[in-house]
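Colleague: One structure, as structure tokens, below. Some questions next.
The values are calculated or read from the model by the stated rules, or taken from the named source; none is laboratory data. Just so it is clear, the model here is predicted, and its values are computed rather than measured. Here the Cβ positions follow ideal geometry from the backbone for every residue, glycine too, while neighbour counts run over all protein chains shown. For accessibility, only protein heavy atoms count, side chains too; no ligands or nucleic acids. Shrake-Rupley method; radii C 1.70, N 1.55, O 1.52, S 1.80 Å.
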Amino acid sequence: HAEERLRARLRELPDGRWEAVQHIDHDGHTELASRVRLTLTKQGETLTFDFAGTDPQARGCINTTWAGLMAGVFTPVLVLLCHDIPWNQGVFNCVQVQADEGILCNCRYPAPCSMATIAGTRLVANCGTLAISKMLSASPRYAREAMAVWAGSSQCPSLAGVSQHGYRFGFMEMSHHAGGGGARSFADGVDLGGVLQNATPSIPNVEATEHSYPLLYLFRRQLVDSGGPGRWRGGVSGEICYVPYDAPPGLSMVLVAYGVEVPNALGLWGGLPTCCVRWVRVRGTDIAERLRAGAHLPLTLEEIPGEVQVFPAMHPRLPFGEGEAWYSNWQGGGGYGDPMDRESERVRCDVENQLVSVACARSIYGVVITPGSGAVDMAGTAALRQQIRQERLARAASQGHLPAGRRRPAAAALEVSSPDPSGRTPAGLDPRGTPGSGERVSFGPVLTADRSSGLLLCRCGATLGAAGDGYKSAAAWEELPLTAAGPIRGEQYRGDRFVLRCFYCPNCATLLETEVTLRGSPPLEDRLFGWPAATAPAGTSVPGGATAETATGGGP
């Protein structure tokens, strides 16, 4: 029954190929960047997950075996495709997995794999979530099921020593299980919603932790600007800070995480990524003095006086003693759709609820909040969004990534073809594409492939080439630092290896898709099969240096 149901569902989806990539920025020994790359192919009633292009197994503990690989594959398969289908072997019969031995997500003995469930396996699930969601987006019936990546990495501080009760203990702080949910195609991600692979995640009760272990929490709360920006915002994550309290000497800490330099909860169809993980120790604090004096305790990391030290993703045992405060935050969910398509009233509410800062409301969402009243300046918002769209294409042109034959449109053209400040679609524009007959298949909320003409169309009416070629060869694009997606994107770490690659409609400057990738990496490609192929305008640039002539094709 399960197999028949899933095969019938797959037959309803268009055939095609979708790609996704994920990175780990530390292998347990060094800050070596390791990559998992997925190509998802759907033909007829079969799904094929191909991990060609994934890096070789690492020297550190981040690898996973075949069992972990299969767990990572079937997490998004079950959640996104089989929410109403029994989860059994029948589902497995519809899926093929191709992965050479000796790679990070299918390691061979004696590769270390003790972090498999929160490293290699997690990255496979992240890739699958993106690729399957893009596939679902190509179906009018199932596009609603698409969503961005949930909290994309793990962050586990482990504490050991003797408790205030006199017994030896080992304790793993698991607040990171309150990760942000990925934004959906119709709604924001769930704030502090959990992690995708755990059906019943739980986080520790602060008071129970303080009762059992020699710790005092200064705060545990939602983290502003941690949800990936988008038309629908990713769920926010959290931040914690604690100090030793009534602690015998000899406490020690081990740090285990990844995603301090690169976000793993990526956005979908123009949505931006979440924040990164941070490890911060503040030494020489005055917390003990404040406690003795009954004074107010710090409510933010910035309020804690002392020497600030930032630690890498993973670190061997180090002491945790008197006068120190440990701070960390984890990743939220990725966004969905262009942030500048978000209704200004939703942005205002996010600012009021301390989910989005005033600065990010302005720079990313293009929403001007009036000081004092907190109301939206509608005229200022309209003008700012026009300016941001112009700047997108100006930067793309300055980097040499505006397609040949295109020139930056006047502000008036952008104004006509873009949503108004409230986020509503302008009158006369069909968000699923321009008029045409025949079946239509979407690439997210903005682009539509029209089968009668074989063309890929933006909601503004612009043509982005043939549907079989994909859209990136005809898009304007640029590379930005990760901090362009908001604060807490690894700026306290190296911050130069990874870039945020943004693809825009060259006419209306709507953000079509984003990639978080190592600098100089080739672009990801999404293709529909069975559509006529055509060459984009000669000389059109493609990330990685290829021209449009070498980036076309209409079949598997």
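Colleague: May I ask you to list the residues in the stretch 296-345 that are of a type in the set (Gly, Ala, Ser), under 30 Å from residue 446 (Cα atoms) and in a loop (DSSP other than H, G, I, E, B)? It would help to see each step written out before you state the result.
Modeller: Quick first cut of the stretch 296-345, residues of a type in the set (Gly, Ala, Ser) only: 306, 313, 321, 323, 325, 328, 332-335, 337, 344.
Then drop every residue that is not under 30 Å from residue 446 (Cα atoms), which leaves 332-335, 337, 344.
Within the stretch 296-345, 332, 333, 334, 335, 337 qualify.
Colleague: Right, something else. Within the stretch 239-263, work out how many residues are among the small types (Gly, Ala, Ser), modelled with pLDDT under 95 and assigned to a strand (DSSP E or B). Quick ask: steps written out before the conclusion?
Modeller: Within the stretch 239-263, the subset among the small types (Gly, Ala, Ser) is 247, 250, 252, 257, 259.
Right, trim to modelled with pLDDT under 95 and you get 247, 250, 257, 259.
This time we only want the ones that are assigned to a strand (DSSP E or B), so: 257.
Matching residues across the stretch 239-263 total 1.
Colleague: Inspect all residues belonging to the stretch 241-264 and state whether any of them is farther than 23 Å from residue 308 by Cα and open to solvent by less than 10 Å² (accessible area, probe 1.4 Å).
Modeller: Checked against the condition, which is being farther than 23 Å from residue 308 by Cα and open to solvent by less than 10 Å² (accessible area, probe 1.4 Å), the stretch 241-264 yields at least one hit.
Colleague: Still on this structure, I have one more. Mind telling me which of the residues 465, 461 ends up being open to solvent by 10 Å² or more (accessible area, probe 1.4 Å), assigned to a strand (DSSP E or B) and either of a type in the set (A, V, I, L, M) or over 21 Å from residue 517 (Cβ atoms) (or both)? I'd like the intermediate steps shown before the answer.
Modeller: On the way: 461 fails: assigned to a strand (DSSP E or B).
Being open to solvent by 10 Å² or more (accessible area, probe 1.4 Å), assigned to a strand (DSSP E or B) and either of a type in the set (A, V, I, L, M) or over 21 Å from residue 517 (Cβ atoms) (or both) holds for just one of 465, 461, which is 465.
Colleague: Would it be correct to say that residue 149 is touching a His at 6+ places or on another chain (Cβ under 7 Å), in a loop (DSSP other than H, G, I, E, B) and open to solvent by less than 30 Å² (accessible area, probe 1.4 Å)? Outline the logic, then answer.
Modeller: On the way: touching a His at 6+ places or on another chain (Cβ under 7 Å): no; in a loop (DSSP other than H, G, I, E, B): yes; open to solvent by less than 30 Å² (accessible area, probe 1.4 Å): yes.
The answer is no for residue 149.
Colleague: Could you check residue 287 against (1) touching a helix residue (DSSP H, G or I) at 6+ places or on another chain (Cβ under 9 Å); (2) more than 17 Å from residue 152 (Cβ to Cβ); (3) crowded, with 23+ Cβ neighbours inside 10 Å and say which number it fails?
Modeller: Here residue 287 clears every test but (1).
Colleague: Taking the stretch 369-401 only, how many residues are over 19 Å from residue 506 (Cα atoms), in contact (Cβ under 8 Å) with a residue 40 or more places away in the chain and open to solvent by 20 Å² or more (accessible area, probe 1.4 Å)?
Modeller: Final tally of qualifying residues: 2.
Colleague: Scan the stretch 142-162 residue by residue and report those that are of a type in the set (Ser, Thr, Tyr) and under 13 Å from residue 118 (Cα atoms). Let's see the steps before the verdict.
Modeller: Applying the first criterion (of a type in the set (Ser, Thr, Tyr)) to the stretch 142-162 yields 142, 153-154, 158.
Those that are of a type in the set (Ser, Thr, Tyr) and under 13 Å from residue 118 (Cα atoms): 153, 154.
Colleague: Given the conditions (1) open to solvent by 40 Å² or more (accessible area, probe 1.4 Å); (2) touching a Gly at 6+ places or on another chain (Cβ under 6 Å), report the number of the one that residue 89 does not fulfil.
Modeller: (2)
Colleague: Which pairs turn up if I take residues in the stretch 38-58 that are under 17 Å from residue 526 (Cβ atoms) and open to solvent by 50 Å² or more (accessible area, probe 1.4 Å) and look for partners that are part of a strand (DSSP E or B) and not hydrophobic (A, V, I, L, M, F, W, C) with beta carbon separation below 8 Å, at least 6 apart in sequence or on another chain?
Modeller: The qualifying pairs are 52/37; 52/39; 52/98.
Colleague: Being within 27 Å of residue 4 (Cβ to Cβ) and not β-branched (Val, Ile, Thr) narrows it down to one residue among 88, 126, 63, 106; which is it?
Modeller: Numbers: 126 fails: within 27 Å of residue 4 (Cβ to Cβ); 63 fails: within 27 Å of residue 4 (Cβ to Cβ); 106 fails: within 27 Å of residue 4 (Cβ to Cβ).
Checking each option against the conditions leaves just 88.
Colleague: Here is a list of conditions, (1) in a loop (DSSP other than H, G, I, E, B); (2) surrounded by 23 or more Cβ atoms within 10 Å (Cβ to Cβ), and residue 73 meets all of them except one; can you say which number that is?
Modeller: Here residue 73 clears every test but (1).
Colleague: Here's another thing I want to ask about it. Report whether or not residue 108 is farther than 26 Å from residue 141 by Cα, modelled with pLDDT of 95 or more and part of a loop (DSSP other than H, G, I, E, B).
Modeller: Working: farther than 26 Å from residue 141 by Cα: yes; modelled with pLDDT of 95 or more: yes; part of a loop (DSSP other than H, G, I, E, B): yes.
Taking the combined requirement at face value, the residue satisfies it.
Colleague: Here's something else I'd like to know. Please determine, by comparing only the residues of the stretch 439-458 that are in a strand (DSSP E or B) and touching a Cys at 6+ places or on another chain (Cβ under 9 Å), which one is nearest to residue 268 (Cα to Cα).
Modeller: Ranking the qualifying residues of the stretch 439-458, first place goes to 447.
Colleague: So, one more: Among the residues that make up the stretch 180-187, is at least one of them in contact with an Asp or Glu (Cβ under 9 Å, 6 or more places away or on another chain), basic (Lys, Arg) and surrounded by fewer than 24 Cβ atoms within 10 Å (Cβ to Cβ)?
Modeller: Looking only at the stretch 180-187, we keep the residues that are in contact with an Asp or Glu (Cβ under 9 Å, 6 or more places away or on another chain), and these are 180-181, 184-185.
Next cut, basic (Lys, Arg) only: 184.
Going one step further and asking which of them are surrounded by fewer than 24 Cβ atoms within 10 Å (Cβ to Cβ), we end up with 184.
Looking through the stretch 180-187, at least one residue is in contact with an Asp or Glu (Cβ under 9 Å, 6 or more places away or on another chain), basic (Lys, Arg) and surrounded by fewer than 24 Cβ atoms within 10 Å (Cβ to Cβ).
Colleague: Please find, within the stretch 16-33, the residue that is farthest from residue 495 (Cα to Cα) out of those that are more than 17 Å from the chain's Cα centre (by Cα) and either crowded, with 20+ Cβ neighbours inside 10 Å or aromatic (Phe, Trp, Tyr) (or both).
Modeller: 16
Colleague: Only one of these is of a type in the set (D, E, K, R) and surrounded by 20 or more Cβ atoms within 10 Å (Cβ to Cβ): 342, 346. Name it. Walk me through how you get there before you give the answer.
Modeller: Values: 346 fails: surrounded by 20 or more Cβ atoms within 10 Å (Cβ to Cβ).
It is 342.
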